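Trainee: Provided herewith is a single structure, encoded as structure tokens, for subsequent inquiry.
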């Protein structure tokens, strides 16, 4: 058993999930079976292998070097119209018309 | 008018030659959706107002004798992970039940600019996490070839709607096989372009280093037309590559004589269904007959792709899905006394079981003390996988494999065992990890009438070769 129900509770807490008792049991069981399978990766010696970075880096401006290669990803420093306030608020669960409203932030 | 297997070319021609109107065509498709979709469940929402507005715009162009764009009047459907302005966009999740997208996904906007008529939004696994469409927060999709079977996933609605003639073409997304696997299960063409080929602006993110947008169509030529419309640099997505978009349609039907096609041993090992094997071997024979050189190759790390994927994808998902906190949009649990309680309860009540499972696995893999053992290890293995493909592509022009180990399985057959479900993607998932393009083409049926797909994998940004070889496979299979 790699993952106990306590571990699930700890990780759920990090992920802002609560989970019911039965969910915690089920998740511990599932995570263990998936992680056992993932252990297969330890068969491979990767001590001299660089971690994968990004697919497109191979194709980004081959002539230049370093971060220059990604120059195409930068846009001009120019102000453009953004999402209008009204559009940004249209899906708000709770709002006073200007801001998003949330329950009390400071506990106790 | 027979719309069941209508291609993009036919639809556009009929509109252009005034054999029908874009409006009448859209009406026919809505009628078919009304008649068929209660059995299949492909659509989550219909966008009639937007569709008919576009259709009448096209009809005015025809009446004026104006030049018509590439997809003029072509009825299409959109996977619900792609944002459509002012139309409910749920990603198949209850947490986004009433979410109206504030802007359009670039791929959707490009289709519409090219004259496509957007019929509606298509069902999928919640946040594109699944291989059977059974993880939809709304309802499952049934395979049009056998309603007791799954259409595949996560783009199940996108595949099933084309297969059932409820759209001429659709868009889906592929993170671990979610375009190619359902295309194989439903007997249609499904293309995952190279990473960076198509802008992801407006795609609800699952795993950002793996997510791709691509088309479902009846034919290889239609897939080439669709990619030509949606591909190319987008200033709104910094990961979209600045690589020229060639004429993909010109590659369709070009002779394949002298091309080298790699066939990897590892994809024909134990566990491959005998009817799938026979159909795929028939495609290999067809290509040989057309003058291709078939080269046996080896991709020894293939079996490590699924474990690698379930670390990388879940780690990225745990981060991407942190934004669903009930503050600015999406579901908010009622009556929480504190902010923290609101976050937790909103996510607890809004997410389904598979999404929670993946968030937990990803959070675990990234958490203190485990990062090196899991995430970093997986990223190193990913480099090994990429190297093996580089070696292979030094020898061959394209690689041919089965798309899936089996034909479509029964609804409910694999829902109790997540690992067994994950293993369904064993032949598709590596291309996502390596960023190369892949296409699934129908290559036959089982005795029971279930479609079988053959997959072609190509070099980065070499979709042209895929279209060329895929059209030869398609020609021989039809």
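The values are calculated or read from the model by the stated rules, or taken from the named source; none is laboratory data. As the structure is a computational prediction, the values presented were derived from the model and not from experiment. All Cβ positions, glycine included, derive from the backbone under ideal geometry; neighbour counts span all protein chains shown.
Trainee: Would you check which residues across the range B:402-438 are over 23 Å from residue B:213 (Cα atoms) and within 14 Å of chain A (Cβ to nearest Cβ) and list them?
Mentor: Once the filter is applied, which keeps residues that are over 23 Å from residue B:213 (Cα atoms) and within 14 Å of chain A (Cβ to nearest Cβ), the range B:402-438 yields B:414, B:415, B:416, B:417, B:418, B:419, B:420.
Trainee: From (1) facing chain A (nearest Cβ under 8 Å); (2) more than 25 Å from the chain's Cα centre (by Cα); (3) surrounded by 17 or more Cβ atoms within 10 Å (Cβ to Cβ); (4) in a helix (DSSP H, G or I), pick out the condition that doesn't hold for residue B:329.
Mentor: So residue B:329 meets the others, but not (4).
Trainee: Taking the range B:310-319 on its own, how many of its residues are surrounded by 24 or more Cβ atoms within 10 Å (Cβ to Cβ) and at the interface with chain A (Cβ under 10 Å from one of its Cβ atoms)?
Mentor: 4
Trainee: Just one of B:403, B:415 is modelled with pLDDT of 95 or more, closer than 19 Å to residue B:151 by Cα and buried (at least 17 other Cβ atoms within 10 Å of the Cβ); which is it?
Mentor: Numbers: B:415 fails: modelled with pLDDT of 95 or more.
Result: B:403 is the single residue among B:403, B:415 that is modelled with pLDDT of 95 or more, closer than 19 Å to residue B:151 by Cα and buried (at least 17 other Cβ atoms within 10 Å of the Cβ).
Trainee: Right, here's the next one. So the check is Cβ under 9 Å with 6+ separation or different chains; which pairs have a first residue in the range B:260-275 that's free of Cβ contacts under 8 Å to residues at least 12 places away in the same chain and a second one that's surrounded by 17 or more Cβ atoms within 10 Å (Cβ to Cβ)?
Mentor: Qualifying pairs under 9 Å: B:269/B:302.
Trainee: Shifting gears a bit: If we scan the range B:239-248, do we find a residue that is more than 19 Å from residue B:108 (Cα to Cα), in contact (Cβ under 8 Å) with a residue 24 or more places away in the chain, in contact with a helix residue (DSSP H, G or I) (Cβ under 7 Å, 6 or more places away or on another chain) and surrounded by fewer than 21 Cβ atoms within 10 Å (Cβ to Cβ)?
Mentor: Applying the first criterion (more than 19 Å from residue B:108 (Cα to Cα)) to the range B:239-248 yields B:242-244, B:246-248.
Filter once more, keeping what is in contact (Cβ under 8 Å) with a residue 24 or more places away in the chain: B:243, B:246, B:248.
Remaining after also requiring in contact with a helix residue (DSSP H, G or I) (Cβ under 7 Å, 6 or more places away or on another chain): B:246, B:248.
Add one more test, that the residue is surrounded by fewer than 21 Cβ atoms within 10 Å (Cβ to Cβ), and what stays is B:246.
Yes, the range B:239-248 contains a residue that is more than 19 Å from residue B:108 (Cα to Cα), in contact (Cβ under 8 Å) with a residue 24 or more places away in the chain, in contact with a helix residue (DSSP H, G or I) (Cβ under 7 Å, 6 or more places away or on another chain) and surrounded by fewer than 21 Cβ atoms within 10 Å (Cβ to Cβ).
Trainee: Could you check the range B:332-351 and list, in sequence order, the residues that are in a loop (DSSP other than H, G, I, E, B) and either more than 7 Å from chain A (Cβ to nearest Cβ) or touching a helix residue (DSSP H, G or I) at 6+ places or on another chain (Cβ under 7 Å) (or both)?
Mentor: So the first thing to find is which residues in the range B:332-351 are in a loop (DSSP other than H, G, I, E, B), and the list is B:332-337, B:351.
Residues satisfying the conditions are B:332, B:333, B:334, B:335, B:336, B:351.
Conditions tested, residue by residue: (1) modelled with pLDDT of 95 or more; (2) more than 15 Å from the chain's Cα centre (by Cα); (3) buried (at least 24 other Cβ atoms within 10 Å of the Cβ); (4) closer than 29 Å to residue B:422 by Cα.
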{"residue": "B:82", "(1), (2), (3), (4)": "yes, no, yes, yes"}
{"residue": "B:85", "(1), (2), (3), (4)": "yes, yes, no, no"}
{"residue": "B:98", "(1), (2), (3), (4)": "no, yes, no, no"}
{"residue": "B:123", "(1), (2), (3), (4)": "yes, no, yes, yes"}
{"residue": "B:127", "(1), (2), (3), (4)": "yes, no, yes, yes"}
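Trainee: Consider residue B:403 carefully, then state whether it is closer than 30 Å to residue B:140 by Cβ and in contact with a helix residue (DSSP H, G or I) (Cβ under 6 Å, 6 or more places away or on another chain). Even if it seems obvious, please write down each step before you answer.
Mentor: Details: closer than 30 Å to residue B:140 by Cβ: yes; in contact with a helix residue (DSSP H, G or I) (Cβ under 6 Å, 6 or more places away or on another chain): yes.
Yes: the conditions hold for residue B:403.
Trainee: Counting only residues that are within 8 Å of another protein chain (Cβ to nearest Cβ) and either at pLDDT below 95 or surrounded by fewer than 24 Cβ atoms within 10 Å (Cβ to Cβ) (or both), how many does the range B:352-368 have?
Mentor: 4
Trainee: Kindly list the number of the only condition in (1) touching a residue at least 12 places away in the same chain (Cβ under 8 Å); (2) more than 7 Å from chain A (Cβ to nearest Cβ); (3) closer than 26 Å to residue A:32 by Cα that fails for residue B:322.
Mentor: The single condition residue B:322 does not satisfy is (1).
Each row is one residue, and each column tells you yes or no for (1) over 23 Å from the mean Cα position of the chain (by Cα); (2) in contact (Cβ under 8 Å) with a residue 24 or more places away in the chain; (3) more than 29 Å from residue B:151 (Cβ to Cβ).
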position	(1), (2), (3)
B:22	yes, yes, no
B:42	no, yes, no
B:56	yes, yes, yes
B:70	no, yes, no
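Trainee: A follow-up question, please. Any idea which residue in the range B:370-382 is nearest to the other protein chains (Cβ to nearest Cβ), counting only those that are in a helix (DSSP H, G or I) and surrounded by fewer than 17 Cβ atoms within 10 Å (Cβ to Cβ)? Before you say what the answer is, go through the steps one by one.
Mentor: Kept after step one, since they are in a helix (DSSP H, G or I), are these residues of the range B:370-382: B:372-382.
Going one step further and asking which of them are surrounded by fewer than 17 Cβ atoms within 10 Å (Cβ to Cβ), we end up with B:372-373, B:376.
Details: B:372: 10, B:373: 9, B:376: 6 Å.
Filtering first and then ranking leaves B:376.
Trainee: Follow-up. For residues in the range A:28-56 being surrounded by 18 or more Cβ atoms within 10 Å (Cβ to Cβ) and touching a residue at least 24 places away in the same chain (Cβ under 8 Å), which is nearest to the other protein chains (Cβ to nearest Cβ)?
Mentor: Keep residues of the range A:28-56 that are surrounded by 18 or more Cβ atoms within 10 Å (Cβ to Cβ), which gives A:28, A:30-31, A:34-35, A:38, A:41, A:46, A:52, A:55-56.
Imposing the further condition that a residue be touching a residue at least 24 places away in the same chain (Cβ under 8 Å) reduces the set to A:28, A:31, A:35.
Details: A:28: 10, A:31: 6, A:35: 8 Å.
Among residues in the range A:28-56 that are surrounded by 18 or more Cβ atoms within 10 Å (Cβ to Cβ) and touching a residue at least 24 places away in the same chain (Cβ under 8 Å), the one nearest to the other protein chains (Cβ to nearest Cβ) is A:31.
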